Amino acid sequence: MKLQKPKDIKQAIFLCIAFLILFSSYSVNIWKVSDENMFLFFERQPEGLVVGRIAKAAHDGIFSYGGLTGLNYTEYLKTDSLGISTMSEEYSRNLSIQHDLYLTNSPLPNKFVAYKSQTGGQAILYSVIQKISPFGNLGNLRLFKGLNAALVALCFVLFIGWVYRNYGGTSSIITLFLLLISPWINNFAHNLWWALWSFYIPFITMLLLFEKKHNFKDKISNNKILIYLFLAVFAKCFFTGFEFITSTLIAAMCPIVYYYILEQKSFRSFIGFAFKAGITMVIAVLAEMLVLIMQIRSLEGSFSDGINHILVSYTKRATYGIIEQSETYGEILQKYFQGNVFDLGFLPQTEFKFYFGVFFLIICLFGVAIYFISKQLNQADKMKNLALISTTLFSVLSPLSWFIIFKQHASEHPHMDYIVWYMPTLLFGFIVIGQGISLIVAKVRGSHNKPDVLS
């Protein structure tokens with residue numbers, strides 16, 4: 001698309017600045033959004049599975065052990081059906097040394113235990129880059145971290161660009177600011193295991209495709225959108241498996257909700273396309289499961305081993321731990337509503353917490369303000385704001401699906417599962433706050449036109 005002066009040039013400059021701001025935070029924590037120790041060591045042990053795979057690939061080839069992530073270990077480890085050691089202390093110790101083995105270029109132990117619950121596409125990607133990289137292992141690890149941070153920043157810049165085009169400069173600046181000061185995103189964005197960008201591939205793909213279809217109705221068909229959706233969901237599952245899978249899939253449905261409301265299409269047509277999109281995503285997930293089964297077969301020798309692994313893995317994540325802990329759904333939701341949204345590294349450490357529940361209440365208040373102010377706007381702006389409020393409400397299903405369906409994981413991993421609030425409920429919530437402020441300022445000034453500071 002050709003830039004049209006001066007508005008498109010301003011947008012391009014703004015998005016480049018936004019990328020640099022986010023990238024510098026995700027790569028080196030330059031703005032101290034996160035506590036430094038938390039930023040450097042967040043989920044370091046799971047990241048060891050990626051580093052262990054990269055180290056193994058350098059010695060035995062990219063697709064050794066089926067290309068699966070895992071760890072190089074020096075002592076005997078007894079593992080369960082998921083490929084996870086039942087000797088937790090020994091397993092953790094071996095995980096913690098994977099970085100040292102790689103960075104010091106030490107001779108690898110002759111034993112490798114694969115983690116069989118995801119394909120490990122992120123590690124395969126880094127292993128391929130390693131083959132052509134001119135750097136040593138320290139330089140490579142910095143390269144991988146930088147690439148990972150850049151991809152996360154790119155995803156959010158694409159989202160901010162959409163906000164800019166549809167809700168103006170004020171809303172996009174506020175959205176950028178709230179994204180920037182979100183420590184949960186900052187921590188995940190630095191981690192090689194999580195490859196946070198992969199979780200947003202389906203959502204961003206659908207958001208941009210529907211925007212294009214809305215603006216250029218003859219440029220893209222529904223069938224083409226479904227093809228892209230299949231590829232996007234398959235890519236997510238290839239890179240990071242089925243982690244937070246329900247949240248990812250529901251997030252991909254949010255743009256459908258938004259544009260069907262914006263264009264005032266019939267409920268019947270919405271259900272029809274949503275059903276097709278749902279089937280497409282299920283097929284993509286099944287296709288990736290087949291890839292994983294083939295990887296496990298290359299290790300274990302039979303398809304049944306791969307199928308059994310997936311079934312046992314789902315059962316454990318959905319029910320196993322919750323039975324032991326007897327934690328109710330209400331207790332789980334209470335835990336996640338009481339998490340700290342802004343545990344910022346540049347602020348003095350205190351016992352004060354800004355609860356997610358309180359933040360959602362603020363979003364609701366701005367949503368109510370938008371609703372009433374929109375009654376005084378023209379039809380196009382009114383529908384745009386209604387679509388935003390409705391989609392934000394719908395998006396709550398995304399994190400709730402994870403807390404409810406995968407209750408075991410939510411129960412046992414409160415140190416990280418808060419991230420699903422951003423897939424994409426809080427992203428839309430940030431827009432609601434930005435748009436609410438923009439409309440309130442316009443009303444105070446006596447104008448119903450949004451003040452766009454970048455226009």
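The values are calculated or read from the model by the stated rules, or taken from the named source; none is laboratory data. Note that the coordinates shown come from a computational prediction; the quantities given were computed from them, not determined experimentally. Using ideal geometry, Cβ is built from the backbone for each residue, glycine included, and neighbour counts are taken over all protein chains shown. These area figures cover heavy atoms from the full protein model, side chains too; ligands, DNA and RNA do not enter into them. Shrake-Rupley method; radii C 1.70, N 1.55, O 1.52, S 1.80 Å.
A compact table of results
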| quantity | calculated |
| --- | --- |
| So Phe356, is it modelled with pLDDT of 95 or more, touching a helix residue (DSSP H, G or I) at 6+ places or on another chain (Cβ under 6 Å), farther than 20 Å from Leu196 by Cα and crowded, with 16+ Cβ neighbours inside 10 Å | yes |
| All positions within region 125-172 that are of a type in the set (Val, Ile, Thr) and surrounded by fewer than 21 Cβ atoms within 10 Å (Cβ to Cβ) | Val128, Ile129, Ile132 |
| Leading residue by the ranking (farthest from Gly241 (Cα to Cα)) among those in region 44-77 that are small (Gly, Ala, Ser) and assigned to a helix (DSSP H, G or I) | Ala58 |
| Pick from region 214-231, criterion open to solvent by 40 Å² or more (accessible area, probe 1.4 Å) and aliphatic (A, V, I, L, M), ranking: nearest to Phe270 (Cα to Cα) | Ile227 |
| Qualifying residues in region 71-120 (those that are over 19 Å from Asn140 (Cα atoms), modelled with pLDDT of 70 or more and small (Gly, Ala, Ser)) - the one surrounded by the fewest Cβ atoms within 10 Å (Cβ to Cβ) | Ser92 |
| Where a residue in region 101-122 is over 21 Å from Leu147 (Cβ atoms) and its partner, wherever it lies, is of a type in the set (Val, Ile, Thr) and part of a strand (DSSP E or B), with Cβ under 9 Å and at least six apart | Val113/Thr79 |
| So Phe210, is it surrounded by fewer than 24 Cβ atoms within 10 Å (Cβ to Cβ), at pLDDT 95 or above and out of contact with any helix residue (DSSP H, G or I) (no Cβ under 7 Å at 6 or more places or on another chain) | no |
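Rundown of residues vs (1) of a type in the set (A, V, I, L, M, F, W, C); (2) over 15 Å from the mean Cα position of the chain (by Cα), yes/no style:
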| residue | (1), (2) |
| --- | --- |
| Leu393 | yes, yes |
| Ser398 | no, no |
| Gln408 | no, yes |
| Glu412 | no, yes |
| Trp421 | yes, no |
| Leu427 | yes, no |
| Gly434 | no, yes |
